[in-house]
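Trainee: One structure coming up, written as structure tokens, with questions to follow.
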Amino acid sequence: ELKGIVFVIQSQSNSFHSKRAEDLKRDILKQAVDLGKELPTVLLIHQINRHEGAWTILPLMTDFSVTYGRNSSWIFFCEEDTRIKVIKLVETLRRFDKSKEWFLGKALYDEESTIIHHYAFAENPTVFKFPDFAAGWALSIPLVNKLAKKLKSEPLKSDFTIDLKHEIALYIWQKGEGPHLTPVPEFCTDDVNSYKVDHCATTFSNFLPLCGQPVNKEDVFVAVKTCRKFHGDRIPVVKQTWEREAALIEYYSDYADISIPTINLGIPNTDRGHCGKTFAILERFLNHTSPRTPWLVIVDDDTLISIFRLRKLLSCYDPNEPVFLGERYGYGLGTGGYSYITGGGGMVFSRTAVQKLLASKCRCYSMDAPDDMVLGMCFSGLGIPITHSPLFHQARPMDYPKDYLSHQIPVSFHKHWNIDPVKVYFTWLAPNTEESSNGKKVGYNREDL
């Protein structure tokens, strides 16, 4: 029965992430050997093909159907940090009739309708359940075959991929005609060392990655994009919250205000995108900062970020690689398209990535083009992959399910809309609420913000 499960690890090609995915693959195969079972198939998404949209999973359904549609029972998806007890997973899946259409996972739901889900199910958002990828999730082969057939007759539309887990659940649900997500209590996101996990087939290592010492404060240059109309209300929030964590920080505006101080890059403020301003910041970083500063972070003036945690996270990445890191979105990935790092949660660049970008001829098609999307297009054209981290957030804490945030140590949130941003920072991001040195989270009070 184990050989009837195809494991798909939602991996990435960056060296840090691909190594973690390979480690998980080895662990699954070792458990199979120890059980005396025939080895299952274990796939790493970033290796499946060069299709830019492979990470969005739905475009792969046709391949899965053709390759595994006859001899397998389940496709089981997991993240690189999901931990799997293979024998327990086999027992759990055995409870479900593999000849029927099943969509299994740990259920998340919105407590209130939210912009990242386009205010779906506004009357009662709690009714719609979608899977927490960290716990693993499974599709029965009959459902995979059905989805593949549907994709043939109705190709995916070329629009935005913002929150993949919600969008996959919506696609499978088919406006009520397809299966709902069936919650499976054995799919867990508790830490592997928790007393709660005896019944669990999956667990999740829910700490902030740290690979050796955090990078030095002086290794991270922070660029804040602002404009004159926000100098009075947004910049004071930055100064009250995270500015003190940054050793190297500059504020870029359309007006030089010495009290902040801001630097006028000579680019007028635009109401739409800020491509011109962002490329001016990249040029300035390359030409006017120490070549020994390996990392650049570009944030909006209403981004709340923990530079302290970011320095830990960056210890896992090699700045000699072209790294472009943050929260990944997609545009038109069903039909080619490209992935990009959404700007509000913060965009992190290695100096190597900035050098490669500016050495290319890729630039803004207009000064007010959306900077994050143009950067995604440029890096895609250069063959430099986007590196996704779920610890960066384009929206506010209240825009995500509590259960989803409960297994994260977040690096950023975005927007001051209808919240007290200082309170959000000190509740969710401030170093004094930090996890203790052994990588476990300290219990601290996260109010309903």
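The values are calculated or read from the model by the stated rules, or taken from the named source; none is laboratory data. Worth saying up front: this structure is predicted, and the values here are computed from it rather than measured. Please note: Cβ atoms are built from the backbone with ideal geometry, for glycine as well, and neighbour counts cover all protein chains shown. Note: accessible area is taken over every heavy atom of the protein model, side chains too, but ligands, DNA and RNA are not part of it. Shrake-Rupley method; radii C 1.70, N 1.55, O 1.52, S 1.80 Å.
Trainee: Using the structure shown, decide if residue 214 is within 25 Å of residue 310 (Cβ to Cβ), touching a residue at least 12 places away in the same chain (Cβ under 8 Å) and touching a Cys at 6+ places or on another chain (Cβ under 6 Å). It would help to see each step written out before you state the result.
Mentor: Numbers: within 25 Å of residue 310 (Cβ to Cβ): yes; touching a residue at least 12 places away in the same chain (Cβ under 8 Å): yes; touching a Cys at 6+ places or on another chain (Cβ under 6 Å): no.
For residue 214, the condition - within 25 Å of residue 310 (Cβ to Cβ), touching a residue at least 12 places away in the same chain (Cβ under 8 Å) and touching a Cys at 6+ places or on another chain (Cβ under 6 Å) - is not met.
Trainee: Quickly run through the stretch 142-166 and pick out the residues that are in contact with a strand residue (DSSP E or B) (Cβ under 9 Å, 6 or more places away or on another chain), among the acidic types (Asp, Glu) and without any contact (Cβ under 8 Å) to a residue 60 or more places away in the chain. Before you say what the answer is, go through the steps one by one.
Mentor: Keep residues of the stretch 142-166 that are in contact with a strand residue (DSSP E or B) (Cβ under 9 Å, 6 or more places away or on another chain), which gives 143-144, 147, 158-166.
Next, from what is left, pick out any that are among the acidic types (Asp, Glu): 159, 163.
The answer is 163, and nothing else.
Trainee: Checking the condition more than 25 Å from the chain's Cα centre (by Cα), part of a loop (DSSP other than H, G, I, E, B) and basic (Lys, Arg), which residue from 157, 150, 100 passes? Spell out how you get there, then give the answer.
Mentor: Values: 157 fails: more than 25 Å from the chain's Cα centre (by Cα); 150 fails: part of a loop (DSSP other than H, G, I, E, B).
The match here is 100.
Trainee: Still on this structure: Does any residue of the stretch 94-102 turn out to be acidic (Asp, Glu) and crowded, with 18+ Cβ neighbours inside 10 Å? Before you say what the answer is, go through the steps one by one.
Mentor: Within the stretch 94-102, the subset acidic (Asp, Glu) is 97, 101.
Next cut, crowded, with 18+ Cβ neighbours inside 10 Å only: none.
No: the stretch 94-102 contains no residue that is acidic (Asp, Glu) and crowded, with 18+ Cβ neighbours inside 10 Å.
Trainee: If I ask for residues that are open to solvent by 10 Å² or more (accessible area, probe 1.4 Å) and touching a helix residue (DSSP H, G or I) at 6+ places or on another chain (Cβ under 9 Å), which ones from the stretch 341-354 would you list?
Mentor: Within the stretch 341-354, the first condition is being open to solvent by 10 Å² or more (accessible area, probe 1.4 Å), and the residues that meet it are 351-352.
Passing the criteria: only 351.
Trainee: Would you confirm, using the coordinates I've provided, whether residue 216 is of a type outside the set (A, V, I, L, M) and farther than 21 Å from residue 313 by Cβ?
Mentor: So residue 216 fails the test.
Trainee: Would it be correct to say that residue 143 is under 25 Å from residue 205 (Cβ atoms), open to solvent by less than 80 Å² (accessible area, probe 1.4 Å), touching an Asp or Glu at 6+ places or on another chain (Cβ under 7 Å) and at pLDDT 95 or above? Walk me through it before giving the result.
Mentor: On the way: under 25 Å from residue 205 (Cβ atoms): no; open to solvent by less than 80 Å² (accessible area, probe 1.4 Å): yes; touching an Asp or Glu at 6+ places or on another chain (Cβ under 7 Å): yes; at pLDDT 95 or above: yes.
So residue 143 does not fit the description; no.
Trainee: Further question: Hey, does the stretch 103-117 have a residue that's over 15 Å from residue 173 (Cα atoms) and either touching a Gly at 6+ places or on another chain (Cβ under 9 Å) or among the basic types (Lys, Arg) (or both)?
Mentor: yes
Trainee: Is the stretch 289-304 home to any residue that is touching a Cys at 6+ places or on another chain (Cβ under 9 Å), farther than 21 Å from residue 414 by Cα and crowded, with 16+ Cβ neighbours inside 10 Å? Even if it seems obvious, please write down each step before you answer.
Mentor: In the first step, residues of the stretch 289-304 are kept if they are touching a Cys at 6+ places or on another chain (Cβ under 9 Å); the result is 301.
Restricting the remaining residues to those that are farther than 21 Å from residue 414 by Cα gives none.
Checking the stretch 289-304: not a single residue is touching a Cys at 6+ places or on another chain (Cβ under 9 Å), farther than 21 Å from residue 414 by Cα and crowded, with 16+ Cβ neighbours inside 10 Å.
Trainee: Here is a further query. Checking the condition open to solvent by 20 Å² or more (accessible area, probe 1.4 Å), assigned by the TED database to the domain that holds residue 323 and of a type in the set (Lys, Arg), which residue from 396, 363 passes?
Mentor: Testing whether each residue is open to solvent by 20 Å² or more (accessible area, probe 1.4 Å), assigned by the TED database to the domain that holds residue 323 and of a type in the set (Lys, Arg) leaves just 363.
Trainee: Now for a different question. Only one of (1) out of contact with any strand residue (DSSP E or B) (no Cβ under 8 Å at 6 or more places or on another chain); (2) touching a residue at least 12 places away in the same chain (Cβ under 8 Å); (3) under 27 Å from residue 350 (Cα atoms) fails for residue 244. Which number is that?
Mentor: (2)
Trainee: Next question. Any chance the stretch 321-331 includes a residue that's surrounded by 24 or more Cβ atoms within 10 Å (Cβ to Cβ), in the same structural domain as residue 280 (by the TED database), out of contact with any helix residue (DSSP H, G or I) (no Cβ under 7 Å at 6 or more places or on another chain) and among the hydrophobic types (A, V, I, L, M, F, W, C)?
Mentor: Looking for residues that are surrounded by 24 or more Cβ atoms within 10 Å (Cβ to Cβ), in the same structural domain as residue 280 (by the TED database), out of contact with any helix residue (DSSP H, G or I) (no Cβ under 7 Å at 6 or more places or on another chain) and among the hydrophobic types (A, V, I, L, M, F, W, C), one finds at least one in the stretch 321-331, hence yes.
Trainee: Now, a different point. If I ask for residues that are out of contact with any Leu (no Cβ under 7 Å at 6 or more places or on another chain), crowded, with 21+ Cβ neighbours inside 10 Å and either aromatic (Phe, Trp, Tyr) or assigned to a strand (DSSP E or B) (or both), which ones from the stretch 115-140 would you list?
Mentor: Answer for the stretch 115-140, where residues must be out of contact with any Leu (no Cβ under 7 Å at 6 or more places or on another chain), crowded, with 21+ Cβ neighbours inside 10 Å and either aromatic (Phe, Trp, Tyr) or assigned to a strand (DSSP E or B) (or both): 133, 139, 140.
Trainee: Could I ask something else about it? Which one is farthest from residue 144 (Cα to Cα), of the residues in the stretch 31-66 that are of a type in the set (A, V, I, L, M), in a helix (DSSP H, G or I) and open to solvent by less than 70 Å² (accessible area, probe 1.4 Å)? Reasoning before the result, please.
Mentor: Taking the stretch 31-66 and keeping what is of a type in the set (A, V, I, L, M), we get 32-33, 35, 39, 42-45, 48, 54, 57-58, 60-61, 66.
Filter once more, so that each one left must be in a helix (DSSP H, G or I): 32-33, 45, 48, 54, 58, 60-61, 66.
Still in the running and open to solvent by less than 70 Å² (accessible area, probe 1.4 Å): 32, 45, 48, 54, 58, 60-61.
Values: 32: 24, 45: 16, 48: 17, 54: 15, 58: 9, 60: 10, 61: 6 Å.
So the residue we want is 32.
Trainee: Listed residues 223, 169; which is outside any loop (DSSP other than H, G, I, E, B), in the same structural domain as residue 312 (by the TED database) and either small (Gly, Ala, Ser) or within 26 Å of residue 96 (Cα to Cα) (or both)? Don't jump to the end; show me each part of the working.
Mentor: Values: 169 fails: in the same structural domain as residue 312 (by the TED database).
Among 223, 169, only 223 is outside any loop (DSSP other than H, G, I, E, B), in the same structural domain as residue 312 (by the TED database) and either small (Gly, Ala, Ser) or within 26 Å of residue 96 (Cα to Cα) (or both).
Trainee: Please count how many residues of the stretch 13-25 are under 21 Å from residue 138 (Cβ atoms) and either over 17 Å from the mean Cα position of the chain (by Cα) or not in a helix (DSSP H, G or I) (or both).
Mentor: Number of matching residues: 2.
Trainee: Residues in the stretch 190-215 that are part of a loop (DSSP other than H, G, I, E, B), crowded, with 17+ Cβ neighbours inside 10 Å and modelled with pLDDT of 95 or more: how many?
Mentor: The number of residues fulfilling the criteria is 4.
Trainee: Suppose we keep only residues that are open to solvent by 40 Å² or more (accessible area, probe 1.4 Å) and touching a Ser or Thr at 6+ places or on another chain (Cβ under 8 Å) within the stretch 157-184. Which one would you say is modelled with the highest pLDDT?
Mentor: Ranking the qualifying residues of the stretch 157-184, first place goes to 167.
Trainee: May I pose another question? Scan the stretch 401-429 for residues that are open to solvent by 20 Å² or more (accessible area, probe 1.4 Å), without any contact (Cβ under 8 Å) to a residue 60 or more places away in the chain and on the phi < 0 side of the Ramachandran plot and report the count.
Mentor: Of the residues in that region, 4 qualify.
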